[in-house]
Amino acid sequence: MRFAPWLRVFKGSALDVTLRTHPGLSTRIIERPGATLDDAALEKLVEQLRQVVGRTLSNGALTYGVFSGERERLSQTIVTLVCETATGRAIAFNALALVEARLNGEPQQIMHLGLVMVHPDYRGQGLSDVLYGLTVLFLFIRDGLRVRWLSNVSQVPAVIGMVAETFSNVFPSPLPGSRQSFSHLTLARQIMSRHRHVFGVGEDASFDETRAVIANAYTGGSDYLKKKFEDAPKHRKQIYNEFCAANLDYQRGDDFLQIGVIDIAAAQRYLLRHTPRALWPGLIIEAAVLVLQRLLLPAIYWFDSSRYFGLLRPRQGRR
């Protein structure tokens, strides 16, 4: 395995790494492609996303978010794309959106988990675990293990359960101890009032704040994602299937708006439960680089009084 791409996670430029996560498949994570790729590369990326949609949805197409091809939308997105190594054919993706909000008077950048699609021939191979969590883990590590809010909109029991079990402080969730805090409510209100276009929810959709349920959610470009409960992928734990069946009207087209955080505990759960073993060497290298950059280098710069290091000035240069 090549380790050089992993080291670029900690450089100042936007993240763009390609690595092997499964035999015969390569995964590319591209941060803000609308701001970093030229016209040809961006057009190719959007076409790859549309090809996956075309192979996955037999009854229509998607027009919201990254599928519009607009640079502005793609400048606020992180795309995780899985391709066949031999042919380069795209077979799965996740389009994670960066959503701006405010909490306690401070700006917050929420990571919206976005739409995940996997070609029918590749389902059941653990790709969803990589698509939903790996990019979030990369950003968490690069940001110095700072707690970050994330959101998820879905009616799929398998996804609702995955989010509830992987991340921390998630609401709504059927797990004991799950409760809606003022922070959850504040962020949910801002997402619904300002960012519906990110997940294809129309203005006519209503929001039940108490249960965090979006009613009639499939009228803003995501129409063809609406499912019957019988067709929605189920979680291995019945508690999540029952939770969705009891709270969502699938005929009308309801979604949960889940909000939670990624923290040290969530990162540990993801590493232990969902990370392919082939990625462990690279993750160890990332952790070592993180320690070097965040702890050791600042200490070395501070005690070296003979040279300039950014804002730090040498002792003899002071007046």
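Read-outs: derived from the displayed coordinates by stated rules, not from any lab. Note that the structure is predicted; figures quoted are calculated from it, not measured.
Here are a few things to note about the model shown:
- Global form of the stretch 4-160, assessed from the alpha-carbon gyration tensor, a/c cut-off 1.5: rounded
- Rel. contact order, % - alpha carbon contacts under 8 angstrom, at least six apart, the stretch 70-178: 18
- Global form of the stretch 180-265, assessed from the alpha-carbon gyration tensor, a/c cut-off 1.5: oblate
- Within straight-line cross-link reach of Lys226, aspartates and glutamates at Cα separation under 18 Å, skipping those fewer than 8 residues along the same chain: Glu203, Asp204, Asp249, Asp254, Asp255
- Of all aspartates and glutamates in the structure, the ones whose alpha carbon falls short of 12 Å from that of Lys237, not counting any fewer than 8 places away in one chain, are Glu165.
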